[in-house]
Amino acid sequence: MTAATQQGGLCLVCLTYFGHSEGCCSVCLSYIKSLHRSWSSIIGEYSPEELSAAVLQQVPTWRERQAAEQFAQTFVTLDEASHQLAMQPQMFGHFKRNLKTSEVSPESLARQMFTFGRPLITAAQAKELLETLRGRNETDYKYYHVVCSRVVDPWNLNANDHGLGHCYYGYLDTFDADTQRSLAKLIGRSDCETLAAVFWRLICQRVRFDSAGLPQWSDGNVGACAAENFLHEDDLKFIRDEMIVQGVAETADVLVTCCHVGDTVSCTTMPGP
């Protein structure tokens, strides 16, 4: 303990991270405990350099595992927030059965999704719709745009299941550290804040924003691929109305992240990528 104190509280072994547990950081302590030996017998066999080198061999794997576990929880939280906005299973099952037999085109599919009352879907539902369309020998690339542009959890889109829809509407690599950080920014301090950020993600590339960062709903802009995904003002109105239903009525709640300093809340920065 004295050594840790002399090193400013750093770990006795690696002298890099804070020695908060028995004078060691969590990584070093985990490795030492895995040896199932007393501390005195370990330091009697290993020189400080040898012990540090042995621990460092474990660090990358351990930290990668910790990061994966933490990001997995980010996925769970975002999925829980976003999936409540999508077609519920019973409605989706009925929609898919209807799609198997009705005449369809990319534009009519977009209209059908809207007239069913809830034009938003999950990435898993998008996969099923695309499989159904391929089963009908529908080959128009615009189907990928129609389906994937309405996905509420774009972090779950992938190239194998969603083809070019993943390229246009998903994240290139959710294992990338920068991507993970941008997704983590969507997690708020409450369920309502997280849901607000999910709404922001839905509209951020579909409406214009003024100099103050507020959406210009009346402009009718639905993004660069409007001719392929057939998103219309009605779809934007649905999202706007759903914000009110879900208790995210203030535009600013969606567009900004809030910095809490004492009793003051300063909202100045956009969340997400």
In the stretch 233-242, is there at least one residue being modelled with pLDDT under 80 and either among the β-branched types (V, I, T) or crowded, with 17+ Cβ neighbours inside 10 Å (or both)?
no
Checking A68 against (1) modelled with pLDDT of 80 or more; (2) assigned to a helix (DSSP H, G or I): exactly one of these is not met. Which one?
(1)
Within the stretch 131-144, is there a residue that is hydrophobic (A, V, I, L, M, F, W, C), open to solvent by less than 60 Å² (accessible area, probe 1.4 Å) and touching a strand residue (DSSP E or B) at 6+ places or on another chain (Cβ under 9 Å)?
no
Within the set of pairs 6+ apart or on separate chains, which have a first residue in the stretch 183-201 that is acidic (D, E), a second that is open to solvent by 50 Å² or more (accessible area, probe 1.4 Å), and C-beta atoms under 9 Å apart?
D191/E80; E193/I187; E193/D253; E193/C258
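The values are calculated or read from the model by the stated rules, or taken from the named source; none is laboratory data. All values derive from a computational prediction rather than experimental measurement. Every residue, glycine as well, gets a Cβ built from its backbone with ideal geometry; the counts of neighbours run over all protein chains shown. For accessibility, only protein heavy atoms count, side chains too; no ligands or nucleic acids. Shrake-Rupley method; radii C 1.70, N 1.55, O 1.52, S 1.80 Å.
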